[in-house]
1. Looking only at the stretch 19-39, filter to residues that are outside any loop (DSSP other than H, G, I, E, B) and of a type in the set (Gly, Ala, Ser); which one of those is surrounded by the fewest Cβ atoms within 10 Å (Cβ to Cβ)?
2. Pick from the stretch 40-54 the residues that are buried (at least 18 other Cβ atoms within 10 Å of the Cβ) and not in a loop (DSSP other than H, G, I, E, B): which of them is farthest from the chain's Cα centre (by Cα)?
3. Kindly indicate the residue of the stretch 86-121 that is of a type in the set (Ser, Thr, Tyr) and either in a helix (DSSP H, G or I) or open to solvent by 60 Å² or more (accessible area, probe 1.4 Å) (or both) and also modelled with the highest pLDDT among those meeting that condition.
4. Please go through the stretch 58-72 and give me each residue that is open to solvent by less than 60 Å² (accessible area, probe 1.4 Å) and free of Cβ contacts under 8 Å to residues at least 40 places away in the same chain, ordered by number.
5. From the set of residues in the stretch 122-141 that are small (Gly, Ala, Ser) and open to solvent by less than 70 Å² (accessible area, probe 1.4 Å), which is modelled with the highest pLDDT?
6. Taking the stretch 51-102 on its own, how many of its residues are aromatic (Phe, Trp, Tyr) and within 16 Å of Ala120 (Cα to Cα)?
7. Does Trp78 qualify as being open to solvent by 60 Å² or more (accessible area, probe 1.4 Å) and out of contact with any helix residue (DSSP H, G or I) (no Cβ under 7 Å at 6 or more places or on another chain)?
8. Would you pick out the residues in the stretch 55-75 that are within 30 Å of Ser117 (Cα to Cα), part of a loop (DSSP other than H, G, I, E, B) and touching a helix residue (DSSP H, G or I) at 6+ places or on another chain (Cβ under 8 Å)?
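The values are calculated or read from the model by the stated rules, or taken from the named source; none is laboratory data. Computed from a prediction, not measured in an experiment: that's the story for all the values here. Note that we place each Cβ from the backbone using ideal geometry, even for glycine, and neighbour counts take in every protein chain shown. These area figures cover heavy atoms from the full protein model, side chains too; ligands, DNA and RNA do not enter into them. Shrake-Rupley method; radii C 1.70, N 1.55, O 1.52, S 1.80 Å.
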Amino acid sequence: LPPQWAERPLARGLQLFRRLGLEPVGFLPPAWLHGPGALAQLRARGLQYTEGFWWIQRVADGARHFAPALSWSSAVPWRSRLTAGIATLRNRSPWMQPLVRVAVHPPDILIQVVEDSLRASLEVLRRARRLTTYREVAIRS
């Protein structure tokens, strides 16, 4: 979206979180698609980090930390099977990145192959990894 079109939904979303007593510290755009001027808008609202599919980014200085997301798609059955297969390969891969982000849309887990894959991936990660927060990663970057 052009900057002027994105300002209103961003402001409304932040207002909603604040009405719920939550103070957002980061922003994830739909489909990881940032529009022009996104960092400036996020910076003006005091947000600390954002992300794309391949990275986590500090808003203050634009520094990026490479961290591909492990994600699934349930848009059509073949994509559900494909992304479940990719998750399995990534879980077994010796070149798996040190930081693994898990990205799930709540409706995706209504698809059995996605739910099964997510559960298996979380079990692998639970045994082999330490949980962290976006704030920790953004500070280290």
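1. Kept after step one, since they are outside any loop (DSSP other than H, G, I, E, B), are these residues of the stretch 19-39: 19, 26-27, 30-32, 38-39.
Retained after the next criterion (residues that are of a type in the set (Gly, Ala, Ser)): 26, 31, 38.
Values: Gly26: 18, Ala31: 7, Ala38: 19.
Out of the qualifying residues, it is Ala31.
2. It comes out as Gln41.
3. Looking only at the stretch 86-121, we keep the residues that are of a type in the set (Ser, Thr, Tyr), and these are 88, 93, 117, 121.
Next, from what is left, pick out any that are either in a helix (DSSP H, G or I) or open to solvent by 60 Å² or more (accessible area, probe 1.4 Å) (or both): 88, 117, 121.
Numbers: Thr88: 89, Ser117: 96, Ser121: 92.
Per the criteria, the residue is Ser117.
4. Residues of the stretch 58-72 that are open to solvent by less than 60 Å² (accessible area, probe 1.4 Å), as a first pass: 58-59, 62-63, 65, 67-72.
Val59, Gly62, Pro68, Ala69, Ser71 - these are the residues of the stretch 58-72 that are open to solvent by less than 60 Å² (accessible area, probe 1.4 Å) and free of Cβ contacts under 8 Å to residues at least 40 places away in the same chain.
5. Let us first name the residues in the stretch 122-141 that are small (Gly, Ala, Ser), namely 128, 138, 141.
Right, trim to open to solvent by less than 70 Å² (accessible area, probe 1.4 Å) and you get 138, 141.
Details: Ala138: 68, Ser141: 59.
So the residue we want is Ala138.
6. Taking the stretch 51-102 first, the residues aromatic (Phe, Trp, Tyr) are 53-55, 66, 72, 78, 95.
Now drop any that are not within 16 Å of Ala120 (Cα to Cα), which leaves 72.
Looking only at that region, the number is 1.
7. Numbers: open to solvent by 60 Å² or more (accessible area, probe 1.4 Å): yes; out of contact with any helix residue (DSSP H, G or I) (no Cβ under 7 Å at 6 or more places or on another chain): yes.
Yes, satisfied.
8. Filtering the stretch 55-75 for residues within 30 Å of Ser117 (Cα to Cα) gives 55-57, 64-75.
Those still in the list that are part of a loop (DSSP other than H, G, I, E, B) too: 67-68, 72-75.
If the condition is that a residue be within 30 Å of Ser117 (Cα to Cα), part of a loop (DSSP other than H, G, I, E, B) and touching a helix residue (DSSP H, G or I) at 6+ places or on another chain (Cβ under 8 Å), then Ala67, Trp72, Ser73, Ser74 are the ones that fit.
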